[in-house]
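Asks: Can you keep this structure in mind? I'll have questions shortly.
The values are calculated or read from the model by the stated rules, or taken from the named source; none is laboratory data. Here the structure is a predicted model, which is why all the values come from computation and not from measurement. Quick reminder, even Gly has a Cβ in these numbers, built from the backbone with ideal geometry, and neighbours come from all protein chains shown. SASA here: full protein model, heavy atoms, side chains in, ligands and nucleic acids out. Shrake-Rupley method; radii C 1.70, N 1.55, O 1.52, S 1.80 Å.
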Amino acid sequence: MIQVTDSTETAVYRQQAAAMNEVLLVSAARQHELTGAAEALGAGYQSAVRARDHFLAVLSHELRNPLAALSNGVQLLKLAGTDPGAVARAGDMMARQLNQMVRLVGDLLDVSRIATGKLELRRERVDLASVVRESAEASRPLIERQGHELTCALPPEPLILDADPTRLAQVFLNLLNNAAKYSERGGHIRLSAERDGAGVVVRVRDTGIGISAVHLPHIFDVFVQVDTVWHRAQGGLGIGLSLVKEFVELHGGRVEAHSDGPGTGCEFVVRLPLAEPAAAEPAPAVAPSPRGPGRRVLVVDDNRDAAESLAEMLELMGHEVRTAGDGAAGVSAAAEFRPELVLMDLGMPGVNGYEAARRIRAEPWGAAPLLAALTGWGAEDDRRRTHEAGFDRHLVKPVAPDVLTKLIAELPRP
Ligand code: ADP
């Protein structure tokens, strides 16, 4: 403000000085604010770096465990020679460890799909009982190894959901596996389901170590693990429950966790909407038999071990198989062998899988083969690209034997 008693000149100087002062004060304040923001950003960056390093350490630990067991398995198979019992035991152990790695990598991909909004549900009408049965079956090895007892109580009438059976099975599998992991030996795990108005409530209850009130509100957050000796000893990446929450919410449901504190066990409650009633329920699908009549299959993969092991598996299932080590060899093998099914890797030197598929599609054959891409890339964009190249199917490596069996059962009769 201008002092009225001063001469005009002084008043102008004063006014300018005050204005200058104000500018300096404002810029000092800005400077301070900016420094604060930079410090805050710096702190945020530091903690993001710390979180990343911690995550990478946990991840490599989690990958090293199954890798160590698999490498032992390979040595065991070499040493076991012709002892069928030892070979079978090593094979079972390797399958278990491999499943664990496949699940881990699958979970990581799901986290990234969710983060980029690329996760899509493949919904169909499914009975909750069949989904629960699949999860219980998949969690059985861990539950049995820990000496727990699992009881499932489902109502006798079907509870039909409009859901993605694979994702829903993942939800209950994660909850059952956690119940098994976080309980002392000989615990009791109970899964129950009941109708609740227009929805269904599924409860997974355990008699395990429980969760304290401090941690309970955070356990559905991604990468959150309760830091106690017991929790640390169980391994895991801290993403299972965040996937449970995402999958349940994508289905229009919600999930809650309850525990009265350490030592009192936990209860996870999943609520899902039931499907609208349909005119007629679909007849249950008949499981294809693993050994059908032999079909002609061409496997194209530049990884020789991958191609030959897959070929051997298909031969043991009773099929006639050829292998090719790159796209160009795949196209000529297809022209000569006339396969009914081609399983084709995508990234190969020279002619890649996309180009090979286009060339095979361009052949003037009577009965064109079913073309299945076999790849490590499983995002929606990758599926679109294989579809555009002329593939009928997109399979993500590693392919489970029952997926192959189903695919072969779908081939048209010659
Ligand atoms: P992970 O099991 O890989 O650590 P999750 O996201 O599945 O990750 O679980 C997050 C955390 O929640 C676990 O680390 C564990 O501390 C806690 N938790 C989950 N389920 C249970 C349970 N049934 N009993 C006790 N603690 C549990």
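Asks: When the solvent-accessible surface of protein heavy atoms is calculated with a 1.4 angstrom probe, in what order do 195, 96 fall, highest first?
Replies: Heavy-atom accessible area, descending, gives 195, 96.
Asks: Could you work out the relative contact order of segment 296-409? I mean the mean sequence separation of Cα pairs under 8 Å and 6+ apart, divided by the number of residues, in percent.
Replies: RCO, segment 296-409: 22 percent.
Asks: What whole-number distance in Å separates the alpha-carbon centres of segment 39-54 and segment 69-109?
Replies: About 38 Å separates the Cα centre of segment 39-54 from the one of segment 69-109.
Asks: While we're looking at this one, here's another question. Taking 0.36 nm per intervening residue step and subtracting the Cα-Cα distance, what contour gain separates residue 133 from residue 258 on full extension?
Replies: Full-extension gain reported as 42.6 nm.
Asks: Something else: Working with all protein chains in place, sort 82, 375 by solvent-accessible area computed with a 1.4 Å probe, largest first.
Replies: The most accessible residue leads, giving 82, 375.
Asks: Heads up, I need the accessible area for residue 406: 1.4 angstrom probe, whole protein in place, Å², nearest 10.
Replies: Counting only protein heavy atoms, residue 406 exposes about 110 Å² to solvent.
Asks: Here are some pairs, 245/397; 118/245; 118/406; which of them have Cα atoms lying more than 24 Å apart in this structure?
Replies: Long pairs (Cα-Cα over 24 Å): 245/397; 118/406.
Asks: While we're looking at this one, here's another question. How large is ³J(HN,Hα) for each residue in segment 60-74, as worked out from phi by the Karplus curve 6.51 cos²θ - 1.76 cosθ + 1.60 (θ = phi - 60°), to whole Hz, x for Gly and Pro?
Replies: 5, 4, 5, 7, 5, 4, x, 5, 4, 5, 5, 5, 4, x, 4
Asks: In addition: Mind listing which trypsin sites (Lys or Arg not before Pro) in segment 146-185 are in a DSSP loop and have 11 or fewer other Cβ atoms within 10 Å?
Replies: When the trypsin sites (Lys or Arg not before Pro) of segment 146-185 are filtered for loop state and at most 11 Cβ neighbours within 10 Å, 185 remain.
Asks: Just to confirm a number: summing +1 for Lys and Arg and -1 for Asp and Glu over residues other than residue 179 whose beta-carbon lies under 14 angstrom from that of residue 179, what do you get?
Replies: Charge balance in the 14 Å sphere: +2.
Asks: Do any chymotrypsin sites (Phe, Trp or Tyr not before Pro) in segment 138-230 lie in a DSSP loop with no more than 16 other beta carbon atoms within 10 Å, and if so, which?
Replies: Filter output for segment 138-230: 223.
Asks: Now, a different point. State, as an integer percentage, the relative contact order of segment 175-280 based on alpha-carbon contacts under 8 Å between residues 6 or more apart.
Replies: Here the relative contact order equals 32 percent.
Asks: Calculate the all-directions average of the projected area of segment 296-409's alpha-carbon convex hull, and give it in nm².
Replies: 6.3 nm²
Asks: For segment 124-273, what is Rg from Cα atoms divided by 2.2 N^0.38 Å, rounded to two decimals?
Replies: Working it through for segment 124-273, the quotient is 0.99.
Asks: While we're on this one: So how do 376-385, 256-265 stack up, highest first, on mean other-Cβ count within 10 Å?
Replies: 256-265, 376-385
Asks: Further question on the same structure: Each residue of segment 326-332 in turn: what ³J(HN,Hα) in whole Hz from Karplus with 6.51, -1.76, 1.60 and θ = phi - 60°, glycine and Pro shown as x?
Replies: Karplus values, whole Hz, x for Gly and Pro: 7, x, 4, 5, x, 5, 5.
Asks: DSSP loop trypsin sites (Lys or Arg not before Pro) in segment 243-278 with at most 12 other Cβ atoms within 10 Å of their Cβ, which ones?
Replies: Loop-located and lightly packed - none at all.
Asks: Would you mind working out the magnitude of the charge dipole of segment 296-409 relative to its Cα centre, with +1 at each Lys and Arg C-beta and -1 at each Asp and Glu C-beta, to the nearest 20 Debye?
Replies: Using Cβ point charges on Lys, Arg, Asp and Glu, segment 296-409 gives about 320 debye.
Asks: Under a plain spin-label model, where a point goes 7 Å from the Cα along Cα-to-Cβ, how far apart in nm are residue 68 and residue 98?
Replies: So the label points at residue 68 and residue 98 sit 2.2 nm apart.
Asks: On to the next question. Short version: ³J(HN,Hα) in whole Hz for each residue of segment 154-171, in order, from phi by Karplus 6.51 cos²θ - 1.76 cosθ + 1.60 (θ = phi - 60°), x for Gly and Pro, what are they?
Replies: 10, x, x, 7, x, 10, 8, 10, 9, 9, 8, x, 5, 5, 5, 5, 4, 4
Asks: Could you calculate the contour length gain from residue 54 to residue 153, that is, 0.36 nm times the residue separation minus the distance between their Cα atoms, to one decimal place in nm?
Replies: 31.7 nm
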